[in-house]
Structures are given as structure tokens and as C-alpha cells.
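Heads up: the structure comes next, in C-alpha cells.
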Amino acid sequence: MTNTITQHLSKWAFGVFIAVAGLTQSASAQSVTIDPSGPIVCEGTTLNAVVTGLTGPFSYRWSTGATTPSITATQTGAIRVRVTGFLPNGNRRRVFSPWTAFFVVQTPSAIINPTGPVQVCPGDSAFLQGSGGQTYSYYLWNNGDTTRNTTVNQTGTYELTVYNNFPGCYNFATASVDVEVFDRTFEPKITALSPITVCNRGFVQLAGEPGYSSYSWSTGQTSQNVSILMNGSQAGAVLDTLTVYLTVGINNNQCTFTSASTVLRSIRQTKLLSAYCGNYNLLPTDSIKAEPVLTYLTAPEYEFEFEETTNPGTTWTYTSPNRWCGLSAVTPAIVANSFYNVRVRPVIGGTPYCWGQTCQIGVIPTPGANNSDKSIASAGFASNVFPNPSAEAFRLVLRGIDANENVSVQVADLSGRVVDQFTYDTAAGSADFGNNLNTGVYLVTARQGDLTSVTRIIKTN
């Protein structure tokens, strides 16, 4: 086989010199060529090895190092492929393609600097710089400019298209950037991430919009999002209020803007008045009253929650249009000879807020209307326990009792569990008890017939 290698130098109109190697074979019908043969191809074009006179299976070896039947054109240069196959008689044969020169026209990539979003102070403009093309590319902005760069002074999305203007390879790429030209009356937005009216004490979470150079809250914080404590520092039945503003800066604080005000409030947690909290001599027909809560919108409703001490975990509520709660209006019914844990919360504009401190009450039977002696005794029936609190024993003295009838006494903890019980000696006029009680709060219930008196005692160390 005789091989003749001839080298040519070609000068193209674009000022690019490429060496072209041509290979001729005078004595063989076996060959491999590259298709397409160039010399100009677009970036991403598939170059295939075309084999003549041989049968497979084939093995490939490109000058790029690839071992596949085809490769993708990515850069300008000369390429060659070697293929190994089989002759009809079964002998293995290796053939080489000519060195083939390719000028690869690169795909444009549109780029806009700055990448955005771009913020512009009132009265200023933004300079947008385009790039990503070749010497043969041209530019087109959606505002009509055909220069590489453009200057804008209106809010909008600006798009740049970079076109290839090369014979045989027409393609393009686009990029866009958002520009916001601020008005002098602009007010940044504050977003509440949690309710802005909270229970005393509580936190309010606020957020500024992203994308500004700086954040300055009227509370002194400088982060985009803030957590503000409403600690109810004002005394009495009042609201703790705080007016919050946010000032933001753009373009490294070349200009700043301040938000509208946001008013935060914390509502006082309420409980029963002291006259009712710890009162163990209430009748089923009595009423209890909550502490007041002053509000900024409307007079609140009050929701009363009840839990019978011998059935913990089971609760029911009654909502009153004012601070009073009539026990006879509560469903399920409040019954005599029982103790209840009671707590209250305000309901403002239909929204309930936090529960206040739990109080305990005791309910005694209503005196019998047909028994004048017991009615009189009920009016004066009372117990006195002293000392209270006590680290040792207590002394119980009952008033208004019938000296001819026994009085039973029970001592129970707040869960309703009876820890001590005895009979009161009406002749002695007093009874000592509780020396062995553990530290805690207890309810002492004295009963004589239909009459009941309840006293809360505290055992200390």
C-alpha cells in the first residue's frame, strides 16, 4: 500500500489559519471518513465515523481520545479517527481517516451584569452591560436598543438576545434582569409571621421583604426578620402596645424608605377576682366574676373553663358577654359538694386568647327551704382553721352548728383524694388535726346534715 500525505494551509476570511491534512490510498478499498466533513460546523454537531469495505464489530479511537462511533464538535481543530474491523475473509484490518479540519461556531451565551434584581433610587438610572457573544454576534434588547449595553430608568424586566450571524450556524441565547426604579413615596412592607396581638407575655414575629441593602427596625434590630417581646410591662388591666416601623436601604444605603406603622399589642391574662378565687362556700345559684381586660377594639367576651377536681382532664366552658358567670347557667351543671378548677380567658372579636391563672372554688348545697332551723344554721354555719398555713397541727372551730348532731370532717388534696377524716366533737368546741399531713394544699370539708363548709389550708415544711 502506498500512502501519499499532502498538507495544505488555508487562510479563511475570518483571519483563522487551519492546517488541513489529506490522506489518499492507492491500493485499498477499505476506508473511514468523518461525516459531516466540515470545514464549518455548529457547536454541538455530531461527527460520525463512516466505514467502507469492512464489517463489524468495530472498535474506534478518535484523536480526542473517544472510543465511540461518533463524537460531538465542541472546539475548533483537526480531528482524525482510527477504526478496526474485519475483511470479508475474516482478517482484521485497521484504517485511518484523513485529518479533517473543523471550524466550530460556538453557541452564544447571553449575560447581563448586574445579574439583578437591580434597584434604582428615585431620579437615577441603571446601566446594564451585555456579554456572551462572539465577534460575529449582534445584540438586541427588548427596549429596542441594538448595542451591547443599555441604560434604563423605568421599572420592568429587560431581556437581551444575542444572535450568531455566521453562515450555516444561526442560533441565539437570551437573558433577562428585573429592574425596580423606586418612587419617592415607596413604603416597604412588614409581614407578620405570627399574630400581632398576643397574650401577656408573648413574642411577635415580623419580617421585612428580602433584597434590601440594610434593615433598621424602630426596636433597634437590624436583621430582616425580628422577634419582639411584648412583656406586658404596664401595670393593671391595660394593654401593652408598641408601634413598630421598618426603614430599608438600597444600593448600599444611597437612599432609604420607611414603612407604615404596625401596632403590636399584648392582652392581659385574667383570672377570677380574689373574692371568688379560693372561695369554697359558693352556692349553685351564685355567680363568679373575672378581672377586667381593657381592649382596643371592642369589649371582650369572657370564656370560663371548669374542671371537677375528682375528674381531672375533663373540662367544659361557658362564654359570658361580660365578666360575670352565673354558675346555674353552666352546662354541664355545677353541682353541690364538689370542687372545681376554674380559669378564664378573654375573647376579642371572636378570637380567644391565653388562659389566666387557675383558681379553685367549692360549691355547697343550697339550704333547705322547708327547714327553718337548718336555714338559720346554714346562714351562720362556718369553719375557722388556725394557724393557716401551719408546719404542724391545725385547729378547727365550727360555728352555727347543731350541738345535738354529729359533724363529719374530711380532709382532701386538690385531686379530690381523701387523706384524713374524723368526727368533730361538738361538746369540745374544737378539733386538732393535720399533724401528719405532707406539705401541700388541702380542702377541709365539714358537713352536718345538709350544711357544708369548706376551708382551704396550706401545710408547710
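The values are calculated or read from the model by the stated rules, or taken from the named source; none is laboratory data. Everything numeric here is computed off the predicted structure, so don't read it as measured data. All Cβ positions, even for glycine, are placed from backbone atoms using ideal geometry, and neighbour counts span all protein chains on display.
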>> Can you tell me how many residues within the range 296-307 are modelled with pLDDT under 90 and surrounded by fewer than 18 Cβ atoms within 10 Å (Cβ to Cβ)?
In response: 4
> Taking the range 412-453 as the search range and keeping residues that are closer than 14 Å to N388 by Cα, within 57 Å of the chain's Cα centre (by Cα) and of a type outside the set (S, T, Y), which one is surrounded by the most Cβ atoms within 10 Å (Cβ to Cβ)?
Replying inline: V444
> Considering G44, G38, G56, which residue is modelled with pLDDT of 50 or more, under 30 Å from R92 (Cα atoms) and not in a strand (DSSP E or B)?
Replying inline: G38
> Could you say which residue among Y302, Y318 is within 19 Å of C277 (Cβ to Cβ) and touching a helix residue (DSSP H, G or I) at 6+ places or on another chain (Cβ under 8 Å)?
Replying inline: Y318
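A quick yes/no check of all residues on (1) closer than 28 Å to I458 by Cβ; (2) surrounded by 19 or more Cβ atoms within 10 Å (Cβ to Cβ); (3) modelled with pLDDT of 85 or more:
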residue	(1), (2), (3)
P321	no, no, yes
W324	no, no, yes
L327	yes, yes, yes
V335	yes, no, yes
F339	yes, yes, yes
R345	yes, yes, yes
C359	yes, yes, yes
>> Among the residues of the range 136-149, are any loosely packed, with under 14 Cβ neighbours inside 10 Å, at pLDDT 90 or above, over 41 Å from the mean Cα position of the chain (by Cα) and not β-branched (V, I, T)?
In response: yes
> Within the set of pairs 6 or more residues apart or between chains, which connect a residue that is more than 16 Å from W217 (Cα to Cα) inside the range 241-254 to a residue that is among the polar types (S, T, N, Q) with Cβ atoms less than 7 Å apart?
Replying inline: N251/Q119; N251/S213; N252/S213
>> Among the listed residues T243, T247, identify the single one that is in a strand (DSSP E or B) and either at pLDDT below 95 or in the same structural domain as D413 (by TED's automatic domain parsing) (or both).
In response: T243
